[in-house]
Amino acid sequence: GIIGLPGSGKTTIADLITKVVRPRQGNVLINNCDINKLNTYYLRDIVTYVPQNFELLDASIEENIIYPLSLDEYKYNDSLNKCHLKDKIFSLSNRDETNARKAEFTNADIQKIALANAFYKDSPIMILDDATSKLDAATEHDIMSEIYKLKNKITIIISNRITNLTKCDKILIINNGKVAEYGKTEELLEDK
């Protein structure tokens, strides 16, 4: 988990991991592998990044959820269920064939679609950058529970809400672009 005040550098860490920006000094390592030595296309295959503000494709809801993969009906429905999207989609006249950009979606609906895409892709590394910030508390809790059920993944949760990070193995606290604290969650939560 990563937490810090707005502007502290949380999103910059995600940008470094996904090679959106390159480090001016030092290296970014994933499992002791320098990401600059990885092919960018390969990196994008193994890392799914869900930003706070997600841009929908000018395509159907289904295509937005399965992109860039092909349809697997089971995975698709599982992703819809995990993100509480079924009722919303089935209330639309064209259902999941509705153009996502033309549907009247709330910011919360758009975040659910972005998260459904992440569950569908099922990448070995998932970065969630305030990806639940626009959801109501109950839905956020349910989706975070689904995220914590994921196995054999590196999941980086960037959040302004400490409640989203309490089940993380470790937490990084950033202040003004510098590491303020880093350690096991239970130890940091005990340290007032």
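The values are calculated or read from the model by the stated rules, or taken from the named source; none is laboratory data. Only a predicted model underlies this, so the values are computations on that prediction, with no experimental measurement involved. Note that each Cβ is placed from the backbone with ideal geometry, even for glycine, and that neighbours are counted across all protein chains shown.
Some points to look at:
- Qualifying positions in region 92-106 - hydroxyl-bearing (Ser, Thr, Tyr) and under 24 Å from Asn53 (Cβ atoms): Thr98, Thr106
Here is a yes/no grid of residues against (1) in contact with a strand residue (DSSP E or B) (Cβ under 6 Å, 6 or more places away or on another chain); (2) aliphatic (A, V, I, L, M); (3) touching a residue at least 12 places away in the same chain (Cβ under 8 Å); (4) part of a strand (DSSP E or B):
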residue: Asn27; (1), (2), (3), (4): yes, no, no, no
residue: Arg44; (1), (2), (3), (4): no, no, yes, no
residue: Asn64; (1), (2), (3), (4): no, no, yes, no
residue: Leu71; (1), (2), (3), (4): no, yes, no, no
residue: Tyr74; (1), (2), (3), (4): no, no, no, no
residue: Asn77; (1), (2), (3), (4): no, no, no, no
residue: Ile89; (1), (2), (3), (4): no, yes, yes, no
residue: Ser93; (1), (2), (3), (4): no, no, no, no
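- Scanning region 10-39 for residues that are modelled with pLDDT under 85 and surrounded by 11 or more Cβ atoms within 10 Å (Cβ to Cβ) yields Pro23, Ile30.
- Just one of the numbered conditions (1) among the hydrophobic types (A, V, I, L, M, F, W, C); (2) under 25 Å from Lys86 (Cβ atoms); (3) buried (at least 16 other Cβ atoms within 10 Å of the Cβ) is not true of Leu165: (2).
- All positions within region 103-127 that are of a type in the set (D, E, K, R) and either surrounded by 18 or more Cβ atoms within 10 Å (Cβ to Cβ) or at positive phi (or both): Asp109, Lys112, Lys121, Asp122
- Every test in (1) acidic (Asp, Glu); (2) out of contact with any helix residue (DSSP H, G or I) (no Cβ under 7 Å at 6 or more places or on another chain); (3) more than 30 Å from Asp169 (Cβ to Cβ) is passed by Glu62 save one, and that test is (2).
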